[in-house]
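Trainee: Provided herewith is a single structure, encoded as structure tokens, for subsequent inquiry.
The values are calculated or read from the model by the stated rules, or taken from the named source; none is laboratory data. This structure is a prediction, so every number in the text was calculated from the model and none was measured. Every residue, glycine among them, receives a Cβ derived from its backbone with ideal geometry; neighbour counts consider all protein chains shown.
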Amino acid sequence: MKTVLVTGASSGIGRATCLELGRRGFQVVAAGRSEERTTPVVEAIVRDGGSAEFLHLDLASLDSCASAAHRFKASSRPLDVLINNAGVGAARDTTEDGFEIHFGVNHLGHFMFTRHLQAAFLPGTRIVVVSSEMHRHADGIDFAAVKKKTRSIGGLSEYAVSKLANILYARRLAALHPEWRTYSLHPGLADTNIFPSLVKPFIRNKLPAHVAAQTSVWCATSEEVADDTGRYYSKMQLRSPSPAASDDGLASELWERSAAWCEVSSEI
């Protein structure tokens, strides 16, 4: 049985992704901050005849990211698919380690988590990074600003930067480790809890979570992309990201800075 680990598994796209991959016969590791909110997802998979378990993970804490990865590795199981799905939006805060909350959770926490999981990866392991078309609203990364509290109205500018970082990260990981298969994607504008209730009425044409999860599931399972790596997808089709997201120099700088902030080697 293949094993998939999904972050942000308690609701929205993450929940839908877990349920679908459970139905497809994967051992599902549902990662999230709250065991109480994630347990219903685990129980639903088991009721449907699948196999699932909870893994505590707080992406706003680099220590938690490392600890969660080490707990998974202690099981001595290989990881066939990692789906870095969790995210925050429209927040105004900093992480436990002092990073702007969108950048810290959406990018840096996943960077740390993936870095410490890598010993469980096999040749052909798939790393799926959920980004967004919002990345097109960021033309670069102000590396000083990512160490400051959210400043823009609604946090949309910071959210866009974090989604740009997701694509750059996937691109750089693919270049450094072609033996794995790394994908970034836009799931579509989903009806999830990533944005607060006050914002939701102003967001039109939202997709149900199970529809928005389709591209994540496709990248995790499809033979069509089995030999691809480092590319960006939307609606289960290849798509060109923004010029900033295609900047190999920026991807390299982001990688080096992220490794330094996480106090890990940049050479993996």
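Trainee: Determine the pairs where a residue that is farther than 21 Å from THR215 by Cα, located within the range 106-134, has a partner that is surrounded by fewer than 21 Cβ atoms within 10 Å (Cβ to Cβ) and polar (S, T, N, Q) with Cβ atoms under 8 Å apart, the partner being 6 or more residues away or on another chain.
Mentor: Short answer, once both residue conditions are applied: LEU108/THR95; GLY109/SER61; GLY109/THR95.
Trainee: Does VAL46 satisfy being of a type outside the set (Gly, Ala, Ser) and touching a helix residue (DSSP H, G or I) at 6+ places or on another chain (Cβ under 6 Å)?
Mentor: No: the conditions fail for VAL46.
Trainee: Right, something else. Looking at the structure I just gave you, is ASN84 at pLDDT 95 or above and touching a strand residue (DSSP E or B) at 6+ places or on another chain (Cβ under 6 Å)?
Mentor: Spelling it out, ASN84 is indeed at pLDDT 95 or above and touching a strand residue (DSSP E or B) at 6+ places or on another chain (Cβ under 6 Å).
Trainee: State yes or no: is ARG47 free of Cβ contacts under 8 Å to residues at least 40 places away in the same chain and either loosely packed, with under 14 Cβ neighbours inside 10 Å or more than 16 Å from the chain's Cα centre (by Cα) (or both)?
Mentor: In short, yes.
Trainee: Given the residues LEU117, LEU173, LEU122, which is the only one that is crowded, with 24+ Cβ neighbours inside 10 Å, more than 12 Å from the chain's Cα centre (by Cα) and under 30 Å from ALA74 (Cβ atoms)?
Mentor: LEU173
Trainee: Listed residues PHE99, PHE103, PHE54; which is over 30 Å from VAL161 (Cβ atoms) and aromatic (Phe, Trp, Tyr)?
Mentor: After ruling out the rest, the residue left standing is PHE54.
Trainee: Of all residues being assigned to a loop (DSSP other than H, G, I, E, B) and of a type in the set (Ser, Thr, Tyr) in the range 51-98, which is nearest to ALA9 (Cα to Cα)? Just the residue, please.
Mentor: Looking at residues that are assigned to a loop (DSSP other than H, G, I, E, B) and of a type in the set (Ser, Thr, Tyr), I get SER61.
Trainee: When residues of the range 1-44 are filtered for being closer than 22 Å to MET112 by Cα and more than 16 Å from the chain's Cα centre (by Cα), how many remain?
Mentor: Number of matching residues: 4.
Trainee: Among SER197, SER240, SER152, which is the only one that is farther than 27 Å from ARG115 by Cβ, polar (S, T, N, Q) and modelled with pLDDT of 95 or more?
Mentor: Within the list SER197, SER240, SER152, the selection yields SER240.
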